[in-house]
1. Rounding to the nearest 20 debye, state how big the charge dipole of the stretch 1-86 is about its Cα centre with +1 on each Lys and Arg Cβ and -1 on each Asp and Glu Cβ.
2. Angle check, please: helix 45-59 long axis (alpha carbons) against the longest principal axis of the chain (alpha carbons), in degrees 0 to 90, nearest 10.
3. Please quote Rg/Rh for the chain to two decimal places, taking the Kirkwood radius as Rh and restricting both calculations to Cα atoms.
4. Tell me, what is the percent relative contact order of the chain, built from C-alpha pairs under 8 Å that lie six or more residues apart?
5. Give me, ordered by chain and number, the residues 5 or more places off L69 or on other chains with an amide H under 5 Å from its own placed amide H.
6. Enter the angle in degrees (range 0 to 90, nearest 10) between the Cα long axis of helix 127-140 and the first principal axis of the Cα atoms of the chain, meaning the one along which they spread out most.
7. What number of lysine-lysine pairs in the chain show an alpha-carbon separation below 22 angstrom, given a sequence spacing of 8 or more or placement on distinct chains?
8. Expressed as cubic angstrom per residue, what is the convex hull volume of the alpha carbon set of the stretch 91-135?
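All of the numbers you see were taken from the coordinates with simple rules; none came from a lab. The structure displayed is predicted, hence computed values, not measured ones. For neighbour counting, all protein chains shown are included, and Cβ atoms are generated from backbone atoms with ideal geometry for every residue, glycine included.
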Amino acid sequence: MKTIASFTVDHDRLEKGMYISRVDGDVVTYDIRMKKPNGGDYLSNGAMHTFEHLFATFARNSAFADSVLYVGPMGCRTGFYLLLRGSVRPEDAIALVQDCFRAICAFSGKIPGSERRECGNYREHDLPGAQAVAADMTQVLKNWRPEDLSYEA
C-alpha cells in the first residue's frame, strides 16, 4: 500500500506550529501542531472537543467562512487540521488561526453546539483546558510567517 503523505513527515523532528501539510487542487491542508509529537503530553479529550467546537465556529464565522472546508482534530491528539480553499493566501490563513485562537482565549459563555441534540458527546467539554491550549498556541504563532509553514523550515 502507498504511504500517505502525513506519515512521511518525521514526527520526531516536528515542533509546535502551523504547517502546510498538502495541497490538493484548490484545497490546502494546514497542520496546526499544538503538542510535540510523541512527547507524552497530548490534548485531553475534553479540551480537544471544546477547542473543536470553538475553532470551527469562529473559523466558519470569519471573513473566510466560504473558504473553510474542514476544522478537526488529529487522532493522535497533537493538533488540528484546517482545510481551506487555495484562494486564501498563506498570510491570511495564519491570521485566521491567530484570530480564532485569541477568540478562544477570550471566550466565555455557553460553548456553541454543546447541547445534547447538537453534539454526540455533549457532556465532555473543558473550556479552561481549551483556553490554555489556545493561549499557548497564541504565543507559538505570534510571529509566524508564510515561510514558517514548511515542515523543513
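1. 100 debye
2. 80 degrees
3. Taking Rg over the Kirkwood Rh, I get 0.95.
4. The normalised contact order for the chain reaches 28 percent.
5. So L69 has HN proximity to L83, L84, R85.
6. So the inclination is approximately 30 degrees.
7. Lysine pairs meeting the criterion: 5.
8. 83 Å³
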